[in-house]
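The values are calculated or read from the model by the stated rules, or taken from the named source; none is laboratory data. The shown structure was predicted, so the numbers you read here are calculated from the model rather than taken from an experiment. All Cβ positions, even for glycine, are placed from backbone atoms using ideal geometry, and neighbour counts span all protein chains on display. Ligands, DNA and RNA are excluded from the accessible area calculation, which covers all protein heavy atoms including side chains. Shrake-Rupley method; radii C 1.70, N 1.55, O 1.52, S 1.80 Å.
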Amino acid sequence: MTALNHVRVIASNTFREAVRDRVLYNLVVFMLLITGCAIFLGELTAGQESRTIVNIGLSAMLLFGVFIAIFVGVGLVSKEIEKKTLYTVFSKPVRRGEFIVGKYLGLCLTLLVNVAVMGLGVSIALLFVGGGSLSISIWGAIVLIFFELALITAVAVLFSSFSSPALSALLTFLIFVIGHFSSSLRDLAQNLGSNAAQWLFGAIYYLLPNFSHFEFVSHAAHGRVPSGSYLALALLYALAYIAVVIAVTALIFRRRNLK
Amino acid sequence: MDTIIEIKGLTKDYEKGFWKKKKIRALDDLSLQVEGGQIFGFLGGNGAGKTTTLKLLMSLIFPTEGSAKILGAEIGDPAMHQKIGYCPESPYFYDYLKADELMVYFGRLFGMDKGSAEKRSAELLTRVGLEKKDWKRQLRKFSKGMLQRVGLAQSLINDPEIVFMDEPMSGLDPIGRRQVRELIAELREEGKTVFMSSHILTDIEALCDNVAILRKGRLVEEGNLAELLRSTAQDSGFEVSVGGIESSVFKEAIKGKIASEINVKPGGFSLNVANEQDVEAVLASLNKLGGRLIGVNPVRQSLEELFVREET
């Protein structure tokens, strides 16, 4: 109970921090502007308004979410060490693992609210151009985008626990990019002659997160909805990966000297 | 009183350099026992290892060697932290929070419900002298002295048995210093133990029952403050103040009998002598020369002199 209370208190404080961070508000405003642009572009592409709005809106939602996940995520732990705000936190009966989980969940909550606001923006834009059915059906893809953002956040927090913010941001972004070409890595591994290269690319394929499980934007633009089992499997994959990454983060952070 | 802080051979090495890592010993084999219900002063110059010791005790960093117990529990035990408070040097807080929000946040980390945390927060912010209008201001707008007050208040949110304070007077104006001194003295009256490090020796001298002095990471002096000062005062002898004669005449008269520097002062002069025999010799010379004795005082060594002696 105590551990859960600590996680809840730290998570809600992390959420409050993000809410009071003006950059976050700017991104939401910017997303709404993007939606406005989509409407304008939709008018240029006759008959394709709804599809264009979904494509641009959801892609921008992912992109802005990734920026938030990376830039806020890499600072979650390192900023607290740098600013020495952790000194008073750890003088309280708080375990380091509880702190990591609390900070992570706080940022996930922020992303959830962010994604929900952006999703509402896209849905309203779709209703505006007469794409009523799409305004509902896109939410499956939005849920998958949130799963992906939660996974990227976990990776960012992992790097943040032992590396500088700049390097953490770079590494997380690289993993985001590689994770989207994961299947290409597997194909590359299968077609390589060298056993060592096959082993290496195979290992990268299995070790790094595979974000293709969460790619549904283009399907959503055609009105398709992910099945319940598809969503459940994606959720299971994300949860398992996040659990491992956060556990490793907590292990690393447990013995870190806070100079 | 029971021993509530027990430090055994605590040692901390830091590594410096990127490729060729060089070890720097910040704390060297510190062993210390602190009994409850007192104000314990932890002294030392810059880089002596005071903050390192406090960080080790708070488990913010981990010892290279040695161990420590607080209230019978190992320092890494989070449950023990339920009973202690910590005010770091120049405290850093979430600057997006308001003073009362920070207090409630910390209170809730101790398992307090929101209402109790708010009530306790109001009591403590009043106690440290933070004006009510400042409670609802974001900490980023606070001065150093105001942050120090919040730091002290948050260290008491859980009504701790022991409070660790790293330079608690840092950044405070004279009125603030007096208020904090009174607060620390009150904590002792309430039966709490205060373990404080400070550069301000007058505060240590005014407040502390026992002290430990660190130098370059090593413990060089430890014990009851009054006894430490008394034991060194015996070596310091007496100051004899004299008037009614020229210092040069007196100097000539005691030449070869008493080895002492003569300090000329308004209305006479004074000299420091080692023992009572020397005082009698000075009095005999005075009688012979027709001088006047103004006073004889035992030289009481100040903490500052003791501290400087240990530092050199």
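For the pair A:Ser59 and B:Glu190, what calculated FRET efficiency results from E = 1/(1 + (r/R0)^6), where r is the Cβ-Cβ distance and R0 = 51 Å, to the nearest 0.05? Could you put the intermediate results ahead of the total?
Working: r = 62 Å, r/R0 = 1.21.
Result of the calculation: an efficiency of 0.25.
Filter the chymotrypsin sites (Phe, Trp or Tyr not before Pro) in segment A:181-221 to those in DSSP coil with at most 14 other Cβ atoms within 10 Å of their Cβ, and list the result.
Qualifying residues, ordered by number: none.
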Exercise for review: Compute the distance in nm between two label points, each set 7 Å from the Cα along the Cα-to-Cβ direction, one at B:Ser31 and one at A:Lys83.
Suggested key: 4.3
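So which trypsin sites (Lys or Arg not before Pro) in segment B:15-101 are both in a DSSP loop and have at most 15 other Cβ atoms within 10 Å of their Cβ? Intermediate values should be presented prior to the final figure.
Details: sites: B:Lys16, B:Lys20, B:Lys21, B:Lys22, B:Lys23, B:Arg25, B:Lys50, B:Lys55, B:Lys69, B:Lys83, B:Lys98; in loops: B:Lys20, B:Lys21.
Sparse-neighbourhood loop trypsin sites (Lys or Arg not before Pro): B:Lys20, B:Lys21.
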Point to revise | Cα pair distances in segment B:237-311, grouped into 5 Å bins until the bin that holds the longest one, percent each | key: 3, 16, 27, 24, 13, 7, 6, 3, 0
Exercise for review: From other protein chains only, count the Cβ atoms within 10 Å of every residue's Cβ in B:83-90, then give the mean.
Suggested key: 3
Study note, to complete from the structure: So the carbon and sulfur contribution to the accessible area of chain A, 1.4 Å probe, in percent, is 71
Point to revise | DSSP beta bridge pairing in the protein assembly as shown, given as percent antiparallel to the nearest 5 | key: 70
Point to revise | In degrees, nearest ten, helix B:144-154 long axis to first principal axis of chain B (Cα) | key: 60
Point to revise | Shielding by partners - mean other protein chain Cβ count within 10 Å, residues of B:96-108 | key: 3
Point to revise | Mean separation of Cα contacts under 8 Å, 6 or more apart, over the residue count of chain A: relative contact order % | key: 26
Point to revise | Cβ neighbours within 10 Å from other chains - mean over B:53-65 | key: 3
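Tell me the mean residue ellipticity at 222 nm calculated for chain B from its helices only (DSSP H runs of n ≥ 4, each -39500 (n - 2.57), averaged over every residue, nearest 500).
Taken over chain B, the calculation gives -10500 deg cm²/dmol.
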Point to revise | DSSP beta bridges in chain B [antiparallel fraction, %, rounded to 5] | key: 70
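Among B:212-219, A:233-240, how do they line up from the highest to the lowest mean number of other beta-carbon atoms within 10 Å? Don't skip to the answer; put the middle values down first.
Working: B:212-219: 20.6, A:233-240: 15.0.
Descending packing order for the listed peptides: B:212-219, A:233-240.
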Point to revise | Reachable aspartates and glutamates from B:Lys133, criterion Cα separation under 13 angstrom, eight or more residues apart if same chain | key: B:Asp100
Practice item. Let me know the volume per residue of the alpha-carbon convex hull for the protein assembly as shown, in Å³. Key: 218
Revision key, fill the gap. What the Cα atoms of segment B:92-214 span along the principal axes, largest first and in whole Å, is 39, 28, 23
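Are there DSSP H segments in chain A that both extend 27 Å or more along their axis (alpha-carbon positions) and score a mean Kyte-Doolittle hydropathy of at least 1.0? List them, or say none.
Details: long enough: A:22-44 (33 Å, 1.82); A:49-73 (34 Å, 1.64); A:96-128 (48 Å, 1.63); A:139-160 (31 Å, 2.30); A:228-254 (38 Å, 2.00).
Those that pass (Cα extent of 27 Å or more, hydropathy at least 1.0) are A:22-44, A:49-73, A:96-128, A:139-160, A:228-254.
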**Study point:** Compactness of chain A - radius of gyration and Dmax, Cα, Å
**Key:** 19.7, 62
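Of all the accessible heavy-atom surface of chain B, with the other protein chains kept in place and a 1.4 Å probe, what percent is carbon and sulfur?
Details: 7120 of 14930 Å².
Carbon plus sulfur share of accessible area: 48 percent.
Ranking request for peptides A:8-17, B:271-280: highest mean number of other beta-carbon atoms within 10 Å first, then the rest in descending order.
On the way: A:8-17: 19.9, B:271-280: 15.4.
Final packing ranking: A:8-17, B:271-280.
Total Å² of accessible surface buried at the B-A contact, 1.4 Å probe, nearest 100?
Numbers: alone 16350 and 13480 Å², together 26940 Å².
Using a 1.4 Å probe, the pair buries roughly 2900 Å².
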Check your understanding: For chain B, how big is Rg over Rh, using alpha carbon atoms and the Kirkwood form of Rh?
Key -> 1.12
**Study point:** Average accessible surface area per residue within chain A, 1.4 Å rolling probe, Å²
**Key:** 46
**Study point:** Per DSSP, loop GluC sites (Glu not before Pro) in segment B:28-99 with at most 15 further Cβ within 10 Å
**Key:** none
